[in-house]
Amino acid sequence: MNQDDAIFKAYWNRSAEELETLLGTSSSQGLTEETAEERLVKYGMNTTSARKKASAAGLFLNQFKSPIVLILIFATIISAILKDWVDAVVIFVIILVSAALSFFQEYNANQAAEKLKEQINLKASVIRSGRSLLIPVERIVPGDIVQLSAGSLIPADGILLEGRDLFVNQAVLTGETFPVQKKAGVTPVDASLSERTNVLYMGTNVRSGSAKMLIVQTGVHTAFGQIARRLTLRPPETEFERGIRRLGYLLSEVMLILVIAIFALNVFFAKPVLDSLLFSIALAVGLTPQLLPAIIEINLSKGSRVLAKGGVIVRRQTAIENFGSMNVLCTDKTGTLTQGVVKLDGALDGKGNVSETVFLQAYLNAHFQAGLANPLDEAIMASEHPALDRYSKIDEVPYDFIRKRLTVIICEDQGLCSERVLLITKGAFTNVLEVCSQCDWEGQHAPLDSERKEALYKLYEKWSGEGFRVLGVAYKALTPKAGYGHEDEAELIFSGFLLFFDPPKVGVKEVVTHLEELGVQLKIITGDNRLVAEHTLRSLGIEVRGVLVGSDINRLNDEALWQMVERVNLFAEVDPNQKEKIIVSLKKMGNVVGYMGDGVNDAPALHSADVGISVENAVDVAKEAADFVLLKNDLNILKEGILQGRRTFTNTLKYIFMATSANFGNMFSVAGASLFLPFLPMLPKQILLINLLTDLPEMTIANDRVDDASIQQPRRWDIHFIRRFMLVFGPLSSLFDFATFGLLLVLLRSDEALFHTGWFVESVLSASLVVFALRTRAPIYRDRPGRGMIVMTILVGLAAVLLPYTPLAGVMGFKPLPGYLLAGIAGITLLYLVSAEIAKRWFYRKAD
């Protein structure tokens with residue numbers, strides 16, 4: 001049996017019983033563990049091809065994918081063919097050592113990241129051997145029976161065996177705006193994806209209701225997998241990734257122009273063509289920040305580990321830098337500004353008096369509804385436990401975010417179910433009141449005239465202004481019929497109010513103040529009415545700088561909304577689509593936006609945000625959409641996450657600043673030296689060795705300290721700032737290179753080997769030591785680097801100074817340096833360090 005066999009074709013046109021027989025399973029018992037393991041081996045893991053992990057071999061080969069490195073290897077092979085064995089071997093060894101260092105760093109970073117991700121693997125509830133088990137979704141196989149509830153991600157393709165009020169969001173596949181209802185049965189062979197109402201698809205999610213499904217196709221054989229096989233599925237590019245790409249373009253342009261110019265100059269001055277080619281390509285390798293991928297991986301891995309210790313699990317590592325760049329954080333108030341422990345404060349009639357009848361109706365509605373679990377129903381159920389023996393459920397009209405109501409149809413007396421049923425509706429006060437024509441008033445049914453409506457609204461506004469979340473309850477008697485729908489929610493009798501209270505969190509005001517000091521604006525997006533939301537913010541001492549409600553958002557055009565979202569910090573009475581619209585509008589205005597949510601209705605906004613944040617107890621679809629999962633719903637944890645994101649961002653930029661400015665300076669120096677030297681300014685193998693040695697201290701950058709000034713405000717990628725940095729500190733580096741040339745050629749009249757040796761030592765020492773000045777905006781004496789960087793810099797400096805006195809000197813084309821020359825180089829290096837410190841202060845003063 002193969003997933004391409006005939007039984008898997010048009011399975012939606014087969015009965016459940018037939019498919020169970022063909023797949024050797026049953027809805028009550030499921031598969032045995034032995035059968036499931038055999039099928040896992042046969043069909044493979046339930047993942048799409050786009051999500052395969054990179055192998056160690058693939059990661060190692062990635063180190064050689066740069067066209068520049070490949071050209072260098074090719075040129076080195078030509079050198080070996082022409083019998084220049086020593087140079088060829090030395091260059092190969094340096095390339096391999098550099099690649100191995102990058103590989104081990106990236107591999108270890110990847111392994112650490114995978115271990116952290118395992119903490120939040122998604123799981124599915126399956127029936128095996130008659131028992132309900134939670135297993136990773138990757139281990140689901142054809143024939144598995146999966147149990148679903150509101151918020152569940154559907155793990156693979158299959159048919160619905162049984163469902164209760166099941167609505168599924170399948171926009172990811174079909175583009176349908178609203179959730180669609182699924183029903184067990186058989187659909188035609190030629191039915192389209194959206195017409196297969198008995199099929200549940202991988203990647204979609206349960207919006208409301210509960211169900212049991214039979215898995216038929218997994219992995220790449222699913223509808224989602226087929227799309228993934230045709231497309232290269234890639235998450236949206238983060239702002240930092242865009243910056244890295246632009247940096248690549250900048251370096252490529254500079255490198256191409258200078259390398260061609262230097263090669264042409266050397267050939268023009270009659271230097272050996274092959275040596276000139278190798279020299280130019282090696283110089284291109286030197287200009288390229290080869291370790292950048294490894295440095296990024298190391299920084300992200302370190303950031304992930306630190307965040308995990310603080311209670312933040314990273315699902316998408318590349319979003320860490322966005323965490324640091326984030327300047328707007330949007331969140332619901334429940335559980336963030338409040339304790340998230342909702343309590344029923346009262347069930348009151350239309351006059352504001354305590355009512356057992358209103359409570360019983362609310363309890364019946366909460367008890368019998370089978371849709372999305374929510375804290376309001378849990379609060380009702382936790383209050384009291386009335387006897388329900390004589391009540392039974394007939395049907396349900398599930399909640400949705402348009403009606404904002406949920407209705408159950410129940411029978412109070414089994415003997416009278418054929419004559420009379422009771423419809424009970426509970427939901428947002430205004431949405432319930434709009435479908436009512438009467439109200440319970442002083443023990444009687446009274447018309448819902450304008451006077452009574454006004455009285456009810458006054459109570460609603462009074463309680464909302466006091467911080468209570470207010471729901472309405474209504475009912476009516478019906479004659480039984482075959483099915484019930486939205487149209488039955490009409491001509492209802494308003495019964496009363498439900499008042500809920502969620503106490504504000506202690507210390508939230510301080511955290512919000514700290515976030516503002518860090519340059520992060522907090523914006524509240526809630527489905528609650530504006531009066532409750534305003535009361536919550538004011539009770540916490542948070543200034544309300546403007547309110548926008550859902551109905552206002554619908555009236556505004558896109559451009560007007562973009563302007564409004566900047567000025568407002570409270571959005572109330574919004575639905576899921578409006579949440580997403582707010583996030584997109586904030587991004588349009590140039591903000592890096594974070595969104596924190598944990599419900600089914602938060603998934604679209606989480607997808608749209610630059611930084612999606614959820615919590616451990618969130619529904620599956622919210623966790624899947626998030627970049628970060630908090631182990632605790634706490635703004636304090638978020639604050640630490642923001643700071644860690646900025647440290648990671650800063651340390652990555654340190655390497656870019658140092659590598660590009662030093663390498664750019666070397667290019668200027670070489671271009672100038674090529675004009676007047678009768679030999680190559682440096683041999684290709686010497687350039688590559690400089691590149692390798694100066695990269696070693698920079699590999700410790702992930703553990704380097706970060707000065708306070710670098711993390712006080714959001715950090716944004718600025719390619720123009722990097723270019724200015726490069727154009728200031730590159731020529732400064734060249735200035736001291738030319739000072740070294742003067743010392744070697746004018747004062748000492750050095751030969752080729754002594755020139756190469758002297759410039760090699762000066763290049764390594766100056767590039768290693770200037771890191772201490774350029775790594776921070778603060779004065780060098782005030783911000784001490786990490787211990788690892790200090791130790792590695794000392795070791796690299798010693799290696800550079802001692803190398804000309806070892807047996808390897810001849811292989812590398814070096815010769816011992818006299819003591820006075822070493823003293824002169826030390827003086828030039830020290831002067832360069834002081835000059836870099838002075839230039840740094842001038843540069844940042846001008847930049848600010």
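The values are calculated or read from the model by the stated rules, or taken from the named source; none is laboratory data. Since this is a predicted model, take the numbers as computed values, not measurements. Counting neighbours? That spans all protein chains shown, and the Cβs are built from the backbone with ideal geometry, glycine included. Ligands, DNA and RNA are stripped out before the accessible areas are found, and what is left, the full protein with its side chains, is counted by its heavy atoms. Shrake-Rupley method; radii C 1.70, N 1.55, O 1.52, S 1.80 Å.
Structural remarks
- Once the Cα-Cα distance is subtracted from the 0.36 nm per residue extended length, the A387 to V273 segment shows a gain of 31.4 nm.
- Helix 356-368 axis versus longest C-alpha principal axis of the chain: approximately 60°, rounded to the nearest ten.
- Rounded accessible area of Y832 (nearest 10 Å², 1.4 Å probe): 10
- Ellipsoid semi-axes for the stretch 542-581, based on the Cα gyration tensor and the rule √(5λ), read 16, 13, 8 Å when sorted largest first.
- Folded to 0 to 90 degrees: helix 635-676 orientation relative to the chain principal axis, Cα: 30
- I719/K588 FRET efficiency (R0 22 Å; Cβ-Cβ; nearest 0.05): 0.60
- Other-chain or far-sequence residues with amide H under 5 Å of N205's (modelled H): I154, N169
- Cβ-based charge dipole, the chain, positive-most Cα from L166, M202, L258: L258
- Counting only cysteine Cβ atoms and a cutoff under 4.7 Å, the chain contains unmatched residues C330, C436, C439.
- Candidates per chymotrypsin sites (Phe, Trp or Tyr not before Pro) in the stretch 751-817, loop by DSSP, up to 14 other Cβ within 10 Å: Y781
- What the Cβ-Cβ distance of L675 and I794 gives, at R0 = 60 Å and to the nearest 0.05, is a FRET efficiency of 0.95.
- Sparsely packed trypsin sites (Lys or Arg not before Pro) within the stretch 740-800, loop by DSSP, other Cβ within 10 Å at most 10: R749, R782
- Helix 576-588 vs. the chain, principal-axis angle (Cα, 0 to 90°, nearest 10): 30
- Sequence-distant residues sharing a close amide H with A124 (under 5 Å, placed H): I135, V137
- Student exercise, the stretch 542-604 dipole from Lys, Arg, Asp, Glu Cβ charges, in Debye to nearest 20: 180
- Accessible area per residue was computed with a 1.4 Å probe on protein heavy atoms; D413 scores about 80 Å².
- Label separation (A560 vs R538): 2.7 nm, computed from points 7 Å beyond Cα along the C-beta direction.
- Amide H partners (placed H, <5 Å) of E162, local residues excluded: K212
- Farthest toward positive dipole pole in the stretch 699-742 [+1 Lys/Arg, -1 Asp/Glu at C-beta], among F736, F725, M699: F725
- The convex hull defined by the C-alpha atoms of the stretch 448-574 has an orientation-averaged projected area of 11.3 nm².
- When L329, L153, L96 are compared by accessible surface with a 1.4 Å probe, the order from highest to lowest is L96, L153, L329.
- Solvent exposure, largest accessible area first (probe 1.4 Å, DNA, RNA and ligands not counted), of K458, K393: K458, K393
- Linear extension gain, R567 paired with E451, 0.36 nm per residue minus alpha-carbon span: 38.1 nm
- Magnitude of the charge dipole for the chain, about its Cα centre and with charges confined to Cβ atoms of Lys, Arg (+1) and Asp, Glu (-1), is about 2900 debye.
- Contour excess over end-to-end distance, with Cα ends at A261 and Q29 and 0.36 nm allotted per residue: 76.1 nm
- Reciprocal mean inverse distance between Cα atoms of the stretch 625-731 - Kirkwood radius, Å: 16.9
- With DNA, RNA and ligands ignored, accessible area of K815 (1.4 Å probe; Å², nearest 10): 70
- Among beta bridges that DSSP assigns inside the chain, antiparallel share in %, nearest 5: 75
- Taken about its Cα centre, the stretch 524-645 carries a charge dipole of roughly 340 debye when the Cβ of each Lys and Arg holds +1 and the Cβ of each Asp and Glu holds -1.
- Placing R0 at 35 angstrom, the Cβ-Cβ distance between Y781 and V801 gives a FRET efficiency of 0.90 after rounding to 0.05.
- Answer label for Cα Rg over 2.2 N^0.38 Å (calculated), chosen among [x] 1.15; [y] 1.11; [z] 1.19: [z]
- Of the residues C417, T536, M326, the one whose Cα sits farthest toward the positive end of the charge dipole of the chain, with +1 on the Cβ of Lys and Arg and -1 on the Cβ of Asp and Glu, is M326.
- Three-way shape label, the stretch 511-631, alpha-carbon gyration tensor, a/c 1.5: rounded
- Put a dot 7 Å past the Cα of T197, heading toward its Cβ, do the same for N703, and the two dots end up 6.3 nm apart.
- With a 1.4 Å probe rolled over the protein heavy atoms of all chains, the accessible area of L765, L631 falls in the order L631, L765, largest first.
- Between E412 and V93, the modelled labels are 9.4 nm apart [label points 7 Å from Cα along Cα→Cβ].
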